[in-house]
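The structure under discussion appears below in the form of structure tokens.
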Amino acid sequence: MKRKWLVIGLIVVLGVGGFVYWRRQRREAAAKQAASGYSTAVAKRSSLDVSVTGTASIVANDKRTVKSTVSGTVSKILVDDGGPIKEGQVMMSIKNDDLVHQYEQTRVDLESARLRLEQLRSPSATDRATAQARLQQTLNTLENRKKDLEKLAIISPINGRVTAVKVNPGDPASSGALLVSVADDTEIQVMAQVPQSDISKIKIGQKASVHFGSELPPTEGTVDAISAEAGTSGRNTFVPVAVRVANPNGIYRSGLVANVVMIMSSQEDYISAGATVAPKVKYDMRAEVAGTVDKVLVRDGDSVKAGQTLVNLVSDNVRVAVELAESEVQVARETLDRIKAGIAPTASENEVKQQELRVRQAELLLQQRAVDVNALQVKSPINGIVVSHTPNVSDTIANNANLFVVADYSKMTMVIPVDELDISGVQIGQKATVVADALPNRTFNAEVTKMATEGTVKDGVANYDVTLTLLDTKDLRGSMTGNATIVIAHRDSALVVPAEAIRTQGGRKTVVMLKNGSPQNINVRVGLSNDTVTEIISGIEEGDEVVITSLTRTQQGGGMFGPMRK
């Protein structure tokens, strides 16, 4: 009996041991099978950079268009496209004999005025008739000069509306330059193009219906004029017919396209013609004397009254001319008074003063003439490279024509867009690197020099322009494509894992760590992160192995990654 129980006990022990061994082998096999579904990486120490990148064209920091300030004919071009240029170097010579002649004549006038000033310091005789004629002449001159002064205020001649403002404060205004246009839009003129075959049916004073499309109501007008000349369009011949239309509320504006219908003997007998709208009364206000725009007192679309000032000009030449004329009148009166009193005329203090003003006026004019003559030699405003030129030798150029484009490539910039989520990490003075597509083996150092304060929104995301100034521009050319990198954060020795190893569960950051071949979810605290790696502050240690891909299947009894280690 005792032996029987011994045998039974041995069988039980062997059975239990076999079962334990079988379970252990199965668990190890399952762990190996699960591990075979992972790609892993080891947590290690490494330097970590977080950067912002962007692609843009590399351009010159200073690029200018050189324009003419005088008109004339190109006589010489002294530089080549692509060649170097120094600030102040002559690039082009312009020929204008009229400007040279005006300069020489003004110089002679100045010398004559100075000579007369010297002569006035000695007594001179004159007679009564000459003095009376001189007084009348000076009064006439003063009246004309005061009219010139009044002309500096540009006055509206009508009640109406401003249709165009062509100048801004500080702009030069030559005599005859267009400053402002005003129109009386209480009455408009609709110009219809009527086929010549129908023109005999139309009479002055005939009523017409004018239609402006669906957005404006139609109205009635009266035939005001029929042109004596016909025009052609393709094979058709048309005669312009002017229809006067009342526009008390100003709803019909110049430039509208209309259709004019004129009923003849019945509703079936009518003429329909396309037409354009213009104000019946329009004035283009031009500068009657040259000057500089001081104030612009109206804007496009403003209503104005007759007599209202629209633009104020200033002119030192006009002001000095008035002062000179007033002084000449005073001198002429004093001279005549002395002659009437029987006193021999001599130059008075005021007469000397007016001659001094005349000399000053001639000096100012000569200075301006000198500026114009010097402008015949076109000079570069900067050091750099001649990018291109527009006119050629013998070409006629106008004032303000484009002549050259010059650029300083010693400093070059690029502007990259930075996402609103990254812009807070960018600061003025931060260092950056740039690689040009055309020079892939070169890295150029750069620096953040400007940041936009207002972003540009696209697809619900704001981007901010960041300007980089390249510190080395050797071998770079304008408009090359550059790829910029700005490092906004750095760690010298950060514990990092691949970025794809980081998971979020229940609002916590975790990694799956393999421990003894088994996966375990580990809570971690993360720091800096870029597109490839993430810094681990706590939770795992250097050398720990983490999973960077998903499990191939869910393990039994422990969730996808087994029990959580806290």
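On the basis of being small (Gly, Ala, Ser), surrounded by fewer than 19 Cβ atoms within 10 Å (Cβ to Cβ) and either within 27 Å of the chain's Cα centre (by Cα) or in a strand (DSSP E or B) (or both), does GLY307 make the cut? So GLY307 does not fit the description; no. Return a yes/no flag: does region 337-354 have any residue that is modelled with pLDDT of 85 or more and assigned by TED's automatic domain parsing to the domain that holds GLN132. So far as region 337-354 goes, yes, one or more of its residues are modelled with pLDDT of 85 or more and assigned by TED's automatic domain parsing to the domain that holds GLN132.
Given the structure, is SER175 closer than 26 Å to THR69 by Cα, among the small types (Gly, Ala, Ser) and surrounded by fewer than 16 Cβ atoms within 10 Å (Cβ to Cβ)? Full working, then the answer.
Values: closer than 26 Å to THR69 by Cα: yes; among the small types (Gly, Ala, Ser): yes; surrounded by fewer than 16 Cβ atoms within 10 Å (Cβ to Cβ): yes.
It is true that SER175 is closer than 26 Å to THR69 by Cα, among the small types (Gly, Ala, Ser) and surrounded by fewer than 16 Cβ atoms within 10 Å (Cβ to Cβ).
Scanning region 273-288 for residues that are buried (at least 19 other Cβ atoms within 10 Å of the Cβ) and not in a strand (DSSP E or B) yields one hit, ALA287.
Considering region 129-153, and only residues there that are out of contact with any Ser or Thr (no Cβ under 7 Å at 6 or more places or on another chain) and farther than 18 Å from SER327 by Cα, the residue that is surrounded by the fewest Cβ atoms within 10 Å (Cβ to Cβ) turns out to be ALA129.
Restricting attention to region 202-216, the residues being loosely packed, with under 15 Cβ neighbours inside 10 Å, outside any strand (DSSP E or B) and not polar (S, T, N, Q) number 6. Would it be correct to say that VAL245 is touching a residue at least 12 places away in the same chain (Cβ under 8 Å) and under 30 Å from ILE155 (Cβ atoms)? Judged against the criteria, VAL245 is a match. Per the listing ASN463, ASN400, the residue uniquely closer than 20 Å to ASN96 by Cα, within 21 Å of the chain's Cα centre (by Cα) and at pLDDT below 95 is ASN400. Take ASP148 and tell me if it is in contact (Cβ under 8 Å) with a residue 24 or more places away in the chain and part of a helix (DSSP H, G or I). Considered against the rule, which asks whether it is in contact (Cβ under 8 Å) with a residue 24 or more places away in the chain and part of a helix (DSSP H, G or I), ASP148 comes out as yes. Look at THR222 and say whether it is without any contact (Cβ under 8 Å) to a residue 24 or more places away in the chain and either in a helix (DSSP H, G or I) or surrounded by 13 or more Cβ atoms within 10 Å (Cβ to Cβ) (or both). Judged against the criteria, THR222 is a match.
Of all residues in region 454-462, none satisfies being touching a Gly at 6+ places or on another chain (Cβ under 8 Å) and either exposed (fewer than 13 other Cβ atoms within 10 Å of the Cβ) or of a type in the set (Val, Ile, Thr) (or both). The test for being crowded, with 16+ Cβ neighbours inside 10 Å and either at pLDDT 95 or above or not assigned by TED's automatic domain parsing to the domain that holds ALA131 (or both) does not hold for LEU357. So, of the residues in region 476-511 that are free of Cβ contacts under 8 Å to residues at least 60 places away in the same chain and among the β-branched types (Val, Ile, Thr), which turns out to be nearest to ALA438 (Cα to Cα)? Within region 476-511, the match that is nearest to ALA438 (Cα to Cα) is ILE502. What are the residues in region 232-272 that are within 40 Å of the chain's Cα centre (by Cα), in a strand (DSSP E or B) and surrounded by 14 or more Cβ atoms within 10 Å (Cβ to Cβ), if any? Residues satisfying the conditions are ALA258, ASN259. Counting only residues that are among the hydrophobic types (A, V, I, L, M, F, W, C), surrounded by 15 or more Cβ atoms within 10 Å (Cβ to Cβ) and in a loop (DSSP other than H, G, I, E, B), how many does region 69-85 have? Within region 69-85, residues that are among the hydrophobic types (A, V, I, L, M, F, W, C), surrounded by 15 or more Cβ atoms within 10 Å (Cβ to Cβ) and in a loop (DSSP other than H, G, I, E, B) number 2.
The values are calculated or read from the model by the stated rules, or taken from the named source; none is laboratory data. Keep in mind that what you see is a predicted model, and the values were worked out from it rather than measured. All Cβ positions, even for glycine, are placed from backbone atoms using ideal geometry, and neighbour counts span all protein chains on display.
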